[in-house]
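I have placed the structure first, in the form of structure tokens, so that the comments after it can refer back to it.
Bear in mind these aren't lab numbers, they're just calculated from the coordinates by the rules spelled out. These figures come from a predicted structure and were not determined experimentally. No Cβ is skipped: glycine too gets one built from the backbone with ideal geometry, and neighbour counts run over all protein chains shown.
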């Protein structure tokens, strides 16, 4: 019987429940899975058997054993091999080559920037001043209501209205000047050159109208500006928001990689003469057999053992993202919830409060908790935690409960940080291996965006600690993680000016 079902039916706690795991709610990508050949059982990870009794304590012990820091060299080696395999096999799922020109880091000039995110439209005027410096001369942001999330010709007319509104706030360009423009677009697009982008699909609650589907973003926007406002623009770059992190980090800090770690996970970097969108979340097949061995991870994905070992290579398989499941905020919050649920149904947490627990939708509904609860629990005192659980969930937190929940947080965070640090080291080894120039770095700067790594200080500190302990053993320089402000607009500006420079 499922843990949640047992709670809802008010059943007594059992020592050995048969648990059919809950399936995640639908996200922008489906998490249903295709049965296929089982993963190889070859692994040098720690114990491979299932958790002994299905309890929270047993589950945490299993996770600690399989994902201890002692396994960092194995994780790095395995992930490095997966990256090379994806590159060599020209994967259509990961290691996606972009048409972006690799910036020099010395770009200069003024551009109009359009940044369309999941729920906002930003219009900016930005000056690149060279020597890693920039100035945002104008910026306005608009929320896009759900009933306006249709990418149609009218949508581009609305964008032209917003651009005109910003341009009227000052004299940013000469009269009659063809305005250099960069577009940061948070949806997929197909590209034939750095300054075009053909749109066929959208996500995040948007829909695509017939009058724009398959059309070039550059032409749609420039036509709207010309026809509606009489303003000539020259679209010099169209860039994915994830790739923007790498490009902007390269400009301001000479970063080797751009990492997105918030709700989800991704990384971009240069391989040879090409900027790559790695789709890093799909890697980590080598971890799958261990993820199948405990109740918490099976609650995230019940079908680990049925996943093809080369899942990260082929888009024909349905979505399976092991690194994201382990490391990213969406799943860290859900794993915490599953751990609380598991401990409560096994009588390890909230003694004699099972019926009260069953009434708490935040703790019994999949994906109801965000990762910020994990961050809060990592820092708060017993008194603060007791107040949080009583006010937020109607549960009386004992000191013993607090100690067990703190351990749950530590185990999940340490695992996420250990695997994340391993993935970063694997990526840097991969980047250096394919570099076209000799690599003699004393420091390796990595740019990042994302609320999880920015605001969960314990997570970042643990990532830093693992990198510090293992970089020498892995033959790598000292790591330096830098948060990149204004990454989407700065990345689009750098890409635009790099394209302009290439045409001169």
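Some points to look at:
- By other beta-carbon atoms within 10 Å, ranking 234, 316, 81 with the fewest at the front produces 316, 81, 234.
- Globularity index of the range 351-462, i.e. its alpha-carbon radius of gyration over 2.2 N^0.38 Å: 1.47
- Size descriptors for the range 133-184, from the alpha-carbon set: Rg then Dmax equal 13.2, 39 Å.
- Cβ-derived FRET efficiency at R0 51 Å, residue 387 paired with residue 174, nearest 0.05: 0.25
- Remark: the residue 97-residue 154 segment gains 17.4 nm on full extension, using 0.36 nm per residue and subtracting the alpha carbon distance.
- Of the beta bridges in the range 175-256, as assigned by DSSP with both residues counted there, near 20 percent are antiparallel.
- Cβ crowding within 10 Å ranks 469, 175 as 175, 469, fewest other Cβ atoms first.
- Alpha-carbon centroids, the range 72-89 and the range 230-244: separation in whole Å: 33 Å
- Spin-label model distance (nm) - residue 108 vs residue 316, 7 Å beyond Cα toward Cβ: 5.3 nm
- The angle separating the long axis of helix 153-167 from the principal Cα axis of greatest extent in the chain is about 70 degrees.
- Highest to lowest packing among 412-418, 345-351, scored as the average C-beta count within 10 Å: 412-418, 345-351
- Length gained on full extension, residue 368 to residue 439, computed as 0.36 nm times the residue gap minus the Cα-Cα distance: 21.0 nm.
- An ellipsoid equivalent to the range 431-504, defined through the eigenvalues of its Cα gyration tensor, has semi-axes of 28, 21, 7 Å when rounded to whole angstrom and sorted largest first.
- Between the range 305-330 and the range 455-496, the Cα center-to-center distance that results, in Å: 23 Å
- Residue-span extension gain [residue 53 to residue 207] - 0.36 nm each, minus C-alpha spacing: 50.7 nm
- Reported label for calculated Rg and Dmax of the Cα atoms in Å given [x] 26.0, 94; [y] 24.2, 77; [z] 23.2, 69: [y]
- Stokes-Einstein, applied to the Kirkwood radius of the range 88-148 over Cα pairs at a viscosity of 0.890 mPa s and 25 °C, places its translational diffusion at 167 µm² s⁻¹.
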